Amino acid sequence: MEFFERFAVPHPSFAIYASMVGIALTSLAIVVGLTYFKKWGYLWREWITTVDHKRIGIMYILAALIMLLRGLVDAVMLRAQLAIPDNTILDSQHYNEVFSAHGVIMIMFMAMPFLFGLMNIVTPLQIGARDVAFPRLNAISFWLFFMGAMLFNIAFVVGGAPDAGWTSYFPLASEEFSPSVGTNYYMMSLQLSGLGTLMTGINFLTTIFRMRAPGLKLMQLPMFTWAMLVTNVLIIAVFPLFAVALAFGAMDRMFGTQFFTIGNGGMDMMWANLFWVWGHPEVYILILPAFGIYSEIISTFARRNLYGYKSMVASMVAITILSLVVWAHHFYTMGQGVLANSIFSIATMAIAVPTGIKIFNWLATLRKGKIEFTTPMLWSLAFIPTFLIGGVTGVMLAMASADFQYHNTMFLVAHFHYTIIPGVVYAFIAGLIYWWPKMFGFMLNEKIGKVSFWLVAIFFNVTFFPMFITGLDGQARRMYTYSEETGFGPLNLIASIGAIGLALGFIVLAYNIYWSTRYMPRNIGSDPWNARSLEWSIPSPVPVYNFATLPHVKSSQAFWDAKTKGHNLFPDKVEEIHMPNNSGVPFIMCVIFFIGAFSLIFDMIPLAIASLIGVFACMAYRSFEANHDHGYHIHVKEIEETEERLRGANK
Amino acid sequence: MKIDNSLPLEYSTEENRLKILGFWIFLAAEIALFATLFATYFAYQGRTGNGPGTEIFEITPVLINTFALLTSSFTIGLAVNAMRLGNKKAMLTFLGLTLALGLVFLGVEIKEFFTFVHEGATIQTSGYLSILFSTLGTHGAHVSLGFFWGLFIIIQVSKYGLTPHTANKAFIFSLYWHFLDVVWIFIFSFVYLKGMM
Amino acid sequence: MAQLFPKHHVMGFIFSLVLTVVAMAVVVYDLSYTAAMAILLITAFMQAGVQLVMFMHAGESEDKVTIYTNVIYMVFFAIVTILGTLLLFIWDM
Ligand code: HEM
Ligand SMILES: [Cu+2]
């Protein structure tokens with residue numbers, strides 16, 4: 001019995017018990033459903049063992065959407081608690097758990113997989129490649145992310161949720177002040193998904209550097225692919241660092257090391273330091289892809305070349321480098337001297353310059369354009385002014401001396417939501433709608449899409465604008481309640497009402513996916529948006545091998561030029577195509593990873609060691625197998641038939 | 001698979017070239033990992049709490065280790081050279097030598113750790129010692145992993161001969177091993193020598 | 001036999017041994033902190049250079065530019081992390 005006690009939830013509530021029942025019932029339903037419809041084999045063969053970048057991308061996006069839902073539920077709970085003064089829906093402990101979960105899930109398990117989903121699907125297609133450089137590694141990345149996400153998500157029903165914020169600052173996150181296993185979950189689940197992220201970074205950099213279609217130079221890459229390049233450049237620098245920081249944190253909690261303790265030479269502030277050396281570039285890992293998506297969409301629907309290609313690339317590279325040298329702006333108040341603060345303050349403000357260049361380039365692209373107000377375009381247009389508010393308040397926060405006033409207030413919360421939601425969430429939704437036909441062969445409904453857009457765009461501001469004001473008035477963040485006398489009540493109520501509208505907007509988006517899947521026409525052709533880059537030159541949905549013959553590229557908008565100037569993109573004859581085999585090893589290996597991480601969380605060392613050996617066994621197995629696993633070939637006849645079928649139906 | 005015979009075996013297919021570039025990028029990520037350890041190490045110098053500081057270092061084992069790793073880096077270079085000459089036997093000999101030197105390194109390092117612990121310096125004693133053991137341990141864990149990896153390559157080269165596939169693995173392994181040598185040089189210089197100054 | 005011990009490998013090895021011995025000077029002689037750190041920095045980075053160029057064949061393939069950019073970028077990141085951390089925790093605390 002004693003053994004099982006550790007898995008109990010230390011601070012339960014009715015909602016948690018209800019969720020347990022809910023999770024159990026849903027899992028049961030899935031198992032029964034799969035068995036009843038005899039879909040296990042299909043699931044295993046077509047999805048779990050797949051190494052196809054498009055399918056992996058779709059799985060990432062599916063996971064991201066589910067996590068978006070979970071994060072949204074958390075957010076609504078937070079806003080419900082803050083709606084009126086002295087509210088008691090959540091007690092302080094639950095409030096802490098919910099905002100910690102909200103932050104981690106939204107950044108690590110919603111935004112990141114969403115990014116990887118789009119990256120997986122679009123990047124190889126934009127550079128004219130048949131897959132990524134290391135398809136199997138790609139599968140491992142996905143499953144590591146997935147296992148990390150699942151691990152984090154079971155925390156609140158098995159052993160207790162983390163409660164030290166998404167930043168998990170020590171000493172609060174130490175054994176002493178956070179005795180439940182919650183923070184162990186944080187350390188281990190982020191470690192798993194972070195490892196997957198690092199592998200993705202390596203994989204896609206290699207892909208972009210070496211697998212471009214004949215003739216495609218770096219300075220001709222579509223802007224989305226450029227964004228992916230710099231994003232992955234940031235990933236390979238900061239994710240190893242984060243892995244070390246997480247390992248330190250985990251060792252402090254599990255093995256009694258003294259990294260972030262207060263006595264004995266430890267330094268709690270080192271956690272904050274390492275966290276932000278990773279954390280600041282991390283927010284740029286999210287925003288740079290978004291810039292890429294907006295560039296694609298704006299130039300497509302303004303029907304013009306992107307204005308200032310070279311300055312767009314240069315500003316992205318500048319942002320990449322600058323974002324590595326500004327991290328201390330997150331802790332100006334921690335006690336370092338004026339010199340250090342000034343250096344980081346100036347570096348931070350400098351980021352506004354390349355960001356400004358990008359904004360002007362988009363505006364210049366729009367000017368004289370024949371703008372078409374499709375849903376992806378609406379999201380992109382709404383981004384510009386809203387993100388501007390986020391950026392300008394960022395510069396306010398960047399001034400070290402002023403930051404002492406509003407650091408850790410709702411003003412900061414408003415700032416980063418004004419950057420992340422229009423910057424990242426709008427972008428990914430816009431990208432999802434834009435590339436949806438490429439993934440599935442039908443479009444999402446524009447009318448329903450516009451309803452969800454307007455709901456989100458309006459209620460986003462209703463939710464977050466009031467926080468600028470209450471923040472400047474001194475409302476601290478991460479406080480589970482406030483008193484009547486503070487006068488924060490009315491504005492908070494407005495924000496909470498806004499949150500409902502925002503949630504409604506996302507629900508309409510989900511409904512759109514459901515509705516469109518059932519009713520939208522399937523004969524849309526390969527280029528429904530009249531777009532510009534290579535992915536639109538092949539059938540939708542894309543066949544496994546992507547390109548029957550590799551395209552020959554002469555410009556950054558190869559497909560547009562092919563359409564308008566009559567270039568022949570595909571001069572080669574069809575040849576046999578070599579493809580990698582599917583494999584169950586990535587999945588199995590990641591399940592073992594999951595077991596190992598879970599055992600470490602609960603201090604079950606022998607099982608953790610056994611899992612480690614299991615992981616190595618998988619790698620050793622692969623090492624030998626690779627000597628005679630040569631993949632398979634698709635024959636010319638089969639390719640021609642497939643092309644005929646897909647293209648024929650499109651005409 | 002298209003094989004380009006004008007290039008050394010390990011570069012001869014596109015898949016091989018991808019793997020080599022990918023591994024270089026991985027090594028860059030490893031630089032970031034060790035940089036983090038070093039950054040923390042430098043910041044924690046002197047934060048010894050009630051535990052001992054750099055006075056626990058001894059020069060002899062460190063020198064043995066340095067020469068063992070430097071030599072192993074040399075021998076694995078020779079192994080790759082022999083591989084390019086198509087001399088499987090010499091290659092395997094040099095690889096074996098490399099791994100033997102790796103074992104010497106590990107043996108000495110483990111013994112050193114035991115002496116540290118004996119002198120009351122454990123990973124739990126102070127902030128300084130936590131990061132010291134983590135830095136050395138991370139490098140040591142890399143060497144241990146490298147040892148088994150190398151063993152696998154010896155087995156595969158003996159079993160399948162020098163194919164584009166095995167040659168590629170061996171070459172990538174050599175990159176890894178050289179890299180560990182570089183990391184050790186930095187540990188040797190900025191942890192040990194600087195500590196004993 | 002000579003083929004198995006190409007000259008530049010042997011030279012590289014000897015060079016790395018010499019650099020190690022030079023670095024040892026900082027513990028043998030009583031140097032100022034600045035001088036000692038200068039010696040350590042120079043010898044360590046030269047050692048790294050020897051490995052990179054002579055043993056790791058960083059410049060031999062068509063990806064030479066990518067590989068060197070990649071390494072330089074990461075060394076930049078490493079230096080920023082280390083100096084930034086020192087600035088925050090030691091020099092300006
Ligand atoms: C011109 C651009 C930007 C500037 C100058 C800037 C500046 C800042 C500063 C100084 C802080 C710390 C404030 C404090 O803790 O008191 C901060 C926090 C934050 N920023 Fe920005 N920022 C910018 C853009 C962005 C972007 C593009 C994102 C995300 C995509 C972002 C996400 C965040 C987040 C998540 C936090 C808060 C983290 C936390 O403490 O939980 N920022 N920003
Ligand atoms: Cu920041």
Filter result (in a loop (DSSP other than H, G, I, E, B), within 11 Å of ligand 1 (Cβ to nearest atom) and away from chain C (no Cβ under 14 Å)) within the range A:303-351: none
Scope the range C:28-59; condition crowded, with 18+ Cβ neighbours inside 10 Å and either of a type in the set (A, V, I, L, M) or at pLDDT 90 or above (or both); matching residues: C:ALA36, C:ILE39, C:LEU40, C:THR43, C:ALA44, C:GLN47, C:ALA48, C:VAL50, C:LEU52, C:MET54, C:MET56, C:ALA58
Candidate set from the range B:145-195 (those that are among the polar types (S, T, N, Q) and in contact with a helix residue (DSSP H, G or I) (Cβ under 6 Å, 6 or more places away or on another chain)); member that is nearest to the other protein chains (Cβ to nearest Cβ): B:SER189
Qualifying positions in the range A:178-206 - more than 14 Å from chain B (Cβ to nearest Cβ), open to solvent by less than 10 Å² (accessible area, probe 1.4 Å) and of a type in the set (Val, Ile, Thr): A:THR183
Index of the failed condition, A:GLY128 passing every other in (1) in a helix (DSSP H, G or I); (2) small (Gly, Ala, Ser); (3) surrounded by 23 or more Cβ atoms within 10 Å (Cβ to Cβ): (1)
So A:THR486, is it out of contact with any Phe, Trp or Tyr (no Cβ under 7 Å at 6 or more places or on another chain) and buried (at least 16 other Cβ atoms within 10 Å of the Cβ): no
Pick from the range A:547-580, criterion within 14 Å of chain B (Cβ to nearest Cβ) and under 30 Å from A:PHE146 (Cα atoms), ranking: least open to solvent (accessible area, probe 1.4 Å): A:MET579
Residue identified as more than 13 Å from ligand 1 (Cβ to nearest atom) and in the same structural domain as A:ALA111 (by TED's automatic domain parsing) among A:GLU296, A:GLU282: A:GLU296
B:GLY22 assigned to a loop (DSSP other than H, G, I, E, B), within 8 Å of another protein chain (Cβ to nearest Cβ) and not hydroxyl-bearing (Ser, Thr, Tyr): no
Residue check for A:ARG45: within 30 Å of A:PHE204 (Cα to Cα) and without any contact (Cβ under 8 Å) to a residue 12 or more places away in the chain: no
Matching residues in the range B:124-149 - criterion: being small (Gly, Ala, Ser) and surrounded by 23 or more Cβ atoms within 10 Å (Cβ to Cβ): B:SER126, B:GLY127, B:SER130
Test result for A:GLY449, assigned to a helix (DSSP H, G or I) and away from ligand 1 (no atom under 14 Å from the Cβ): yes
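Given the residues C:LEU31, C:LEU86, which is the only one that is free of Cβ contacts under 8 Å to residues at least 24 places away in the same chain and part of a helix (DSSP H, G or I)?
One residue alone meets the criteria, C:LEU86.
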Yes/no for A:THR35 being assigned by TED's automatic domain parsing to the domain that holds A:ILE89 and within 28 Å of the chain's Cα centre (by Cα): no
Qualifying residue in the range B:136-144 (condition: over 28 Å from B:ILE56 (Cα atoms) and more than 14 Å from chain A (Cβ to nearest Cβ)): no
Single residue of the range A:153-177 satisfying the filter (within 16 Å of ligand 2 (Cβ to nearest atom) and open to solvent by less than 40 Å² (accessible area, probe 1.4 Å)) that is nearest to A:TRP276 (Cα to Cα): A:THR167
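One line per residue, one yes/no per condition, for (1) open to solvent by 10 Å² or more (accessible area, probe 1.4 Å); (2) within 16 Å of ligand 2 (Cβ to nearest atom); (3) part of a helix (DSSP H, G or I):
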{"residue": "A:ILE235", "(1), (2), (3)": "no, no, yes"}
{"residue": "A:VAL238", "(1), (2), (3)": "no, yes, yes"}
{"residue": "A:ASP252", "(1), (2), (3)": "yes, no, yes"}
{"residue": "A:GLU296", "(1), (2), (3)": "yes, no, yes"}
The range A:581-619, residues that are under 30 Å from A:ILE538 (Cβ atoms) and open to solvent by less than 50 Å² (accessible area, probe 1.4 Å): A:SER583, A:GLY584, A:VAL585, A:PRO586, A:PHE587
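Given the criteria open to solvent by 50 Å² or more (accessible area, probe 1.4 Å), assigned to a helix (DSSP H, G or I) and within 13 Å of chain B (Cβ to nearest Cβ), does A:ARG622 qualify?
On the way: open to solvent by 50 Å² or more (accessible area, probe 1.4 Å): yes; assigned to a helix (DSSP H, G or I): yes; within 13 Å of chain B (Cβ to nearest Cβ): yes.
So A:ARG622 fits the description; yes.
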Selection count where residues are more than 14 Å from ligand 2 (Cβ to nearest atom) and within 22 Å of the chain's Cα centre (by Cα), scope the range A:321-357: 1
Within the range A:382-400, considering residues that are touching a residue at least 60 places away in the same chain (Cβ under 8 Å) and away from ligand 1 (no atom under 11 Å from the Cβ), the one nearest to the other protein chains (Cβ to nearest Cβ): A:PHE383
Flag for A:ILE61 being over 27 Å from A:PRO490 (Cβ atoms), touching a residue at least 60 places away in the same chain (Cβ under 8 Å), open to solvent by less than 30 Å² (accessible area, probe 1.4 Å) and not hydroxyl-bearing (Ser, Thr, Tyr): yes
Residues that are assigned to a loop (DSSP other than H, G, I, E, B) and in contact with a helix residue (DSSP H, G or I) (Cβ under 8 Å, 6 or more places away or on another chain), drawn from the range A:179-191: A:VAL181
Residue satisfying all of: in the range A:262-279; open to solvent by 10 Å² or more (accessible area, probe 1.4 Å) and more than 7 Å from every other protein chain (Cβ to nearest Cβ); modelled with the highest pLDDT among these: A:TRP276
Leading residue by the ranking (surrounded by the most Cβ atoms within 10 Å (Cβ to Cβ)) among those in the range B:35-64 that are of a type in the set (Phe, Trp, Tyr) and either in a loop (DSSP other than H, G, I, E, B) or more than 8 Å from chain C (Cβ to nearest Cβ) (or both): B:TYR44
Residue match in the range A:242-249 (condition: touching a residue at least 60 places away in the same chain (Cβ under 8 Å) and either β-branched (Val, Ile, Thr) or within 29 Å of A:ALA290 (Cα to Cα) (or both)): no
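At the interface with chain B (Cβ under 8 Å from one of its Cβ atoms), touching a residue at least 12 places away in the same chain (Cβ under 8 Å) and away from ligand 2 (no atom under 16 Å from the Cβ): is that true of A:ARG210 in this structure? Reasoning before the result, please.
Working: at the interface with chain B (Cβ under 8 Å from one of its Cβ atoms): yes; touching a residue at least 12 places away in the same chain (Cβ under 8 Å): yes; away from ligand 2 (no atom under 16 Å from the Cβ): yes.
In short, yes.
The values are calculated or read from the model by the stated rules, or taken from the named source; none is laboratory data. Every value quoted in this text rests on a predicted model; they were computed, and no experiment measured them. Quick reminder, even Gly has a Cβ in these numbers, built from the backbone with ideal geometry, and neighbours come from all protein chains shown. We work out accessible area using only protein heavy atoms, side chains counted, and drop any ligands, DNA or RNA first. Shrake-Rupley method; radii C 1.70, N 1.55, O 1.52, S 1.80 Å.
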